[in-house]
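Trainee: Below: one structure in C-alpha cells.
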Amino acid sequence: MATALREAAEETGIDTARVHIIGSLPPLEVPATHFLVTPVVGWCTRLQLTDTLNPEEVAVVVQIPLREFTNASDRVQRRRATDTSASRFSIEGT
C-alpha cells in the first residue's frame, strides 16, 4: 500500500496524507510488459493535485464521483487471451 501511495504522489502530486486506503483489487497483467499490477483503492476527502503530473506516467487525471461506480449497467466484464477476466466501468466522458 505504501508503494501505491508513493507512486500516486510521484506521478500526480496528490497529497497522500488525505488518502485513506480502502483495500486492493486482484492483480492485473499489463499486456505490453506482462507485469502484474495490483490496483489499490483509496478515498480522498478533498482532492488536491499539484501541477507536477509526470507526462511519462500519466496522460490525464480524471475525477469520477463514487456514484458512477454503483450503476451495475456500467460494469463490463472482459476476458483476455491469458484466460483471465477483469471488470471495467464505462463512465461517460472517459
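Trainee: Run the numbers for V58 and V41: contour at 0.36 nm per residue of separation, minus the present Cα-Cα distance, in nm.
Mentor: Fully extending the segment from V58 to V41 adds 4.4 nm.
Trainee: Taking each pair of distinct Cα atoms in the stretch 8-51 once, what is the resulting Kirkwood hydrodynamic radius in Å?
Mentor: 11.9 Å
Coordinate-derived values only; no laboratory data. These numbers come from a predicted model, not from an experiment.
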